[in-house]
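Read through the structure below, which is laid out as structure tokens, and then see the notes.
The values are calculated or read from the model by the stated rules, or taken from the named source; none is laboratory data. It should be emphasised that the depicted structure is a prediction, and the values quoted were computed from it without experimental measurement. Cβ atoms come from the backbone with ideal geometry, glycine included; neighbour counts cover every protein chain shown. Surface accessibility is based on the protein's heavy atoms, side chains included, excluding ligands, DNA and RNA. Shrake-Rupley method; radii C 1.70, N 1.55, O 1.52, S 1.80 Å.
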Amino acid sequence: MRTDAELFETYKRLVYRICFGMMQNKADAEDLCQETFVKALREDRSDVMHEKSWIIRIAINLCNNQLKRNSKGRYKELVAYVMSRTVHTEGVEQRFERKERAMEIDDYYAALPVKIRSVMTLKYVSELSVQEIAHTLGIPVGTVKSRLNKGLNVLRKRLDKENRVAVKGEECLD
């Protein structure tokens, strides 16, 4: 069993990424990350066999509870995390277009039901395998795959719909 400091150092980045992926807000993610470790460090860890799944589950539960409390559900850019990792020079127009696309994706992502969003966050932000997600959330592998598929289909349909509207709008200008 790890010491409190080792537990924190081992999982702090993972827990923050999960919290940020769920909350889409840096301040909320930081608060919930801290709350996750406060809760974890107060618990008796002697019976915990899978530490990583256990701490991720605490973080997901806290995020879900916070989302339920937020009546309007404040969400910021999903892509902010991804964009913060990319380091390359680009022109003003490209940066504006990238930020505009990121805001659109964020809107689509925020509209997903919490159960689907949590699975997609664990898969695409935290890069967990389907089996790890199933174990972490305590749901069958088939349910994880179904939620991933549904989430991707919903996002794909919304993007296709937006593209069709944009193309029709351009045709009217000709």
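Here are the numbers for the structure shown:
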| read-out | value |
| --- | --- |
| Search result, residues across region 33-69 that are open to solvent by 40 Å² or more (accessible area, probe 1.4 Å), farther than 18 Å from Ile116 by Cα and of a type in the set (S, T, N, Q) | Gln34, Ser46 |
| Asp4 at pLDDT below 90, of a type in the set (D, E, K, R) and in contact with a helix residue (DSSP H, G or I) (Cβ under 7 Å, 6 or more places away or on another chain) | yes |
| Residues that are in contact with a helix residue (DSSP H, G or I) (Cβ under 6 Å, 6 or more places away or on another chain) and in a helix (DSSP H, G or I), drawn from region 91-114 | Ala102, Ile105, Tyr108, Val114 |
| Search result, residues across region 108-140 that are more than 13 Å from the chain's Cα centre (by Cα) and free of Cβ contacts under 8 Å to residues at least 40 places away in the same chain | Ser129, Val130, Gln131, Ala134, Ile139, Pro140 |
| Residues satisfying the stated conditions in region 115-131, i.e. under 15 Å from Arg57 (Cβ atoms), part of a helix (DSSP H, G or I) and modelled with pLDDT under 90 | Ser118, Thr121, Leu122 |
| Residues of region 1-32 that turn out to be in a helix (DSSP H, G or I) and open to solvent by 10 Å² or more (accessible area, probe 1.4 Å), as a count | 18 |
| Test: residue in region 92-104 that is at pLDDT 75 or above and in contact with a Leu (Cβ under 9 Å, 6 or more places away or on another chain) | no |
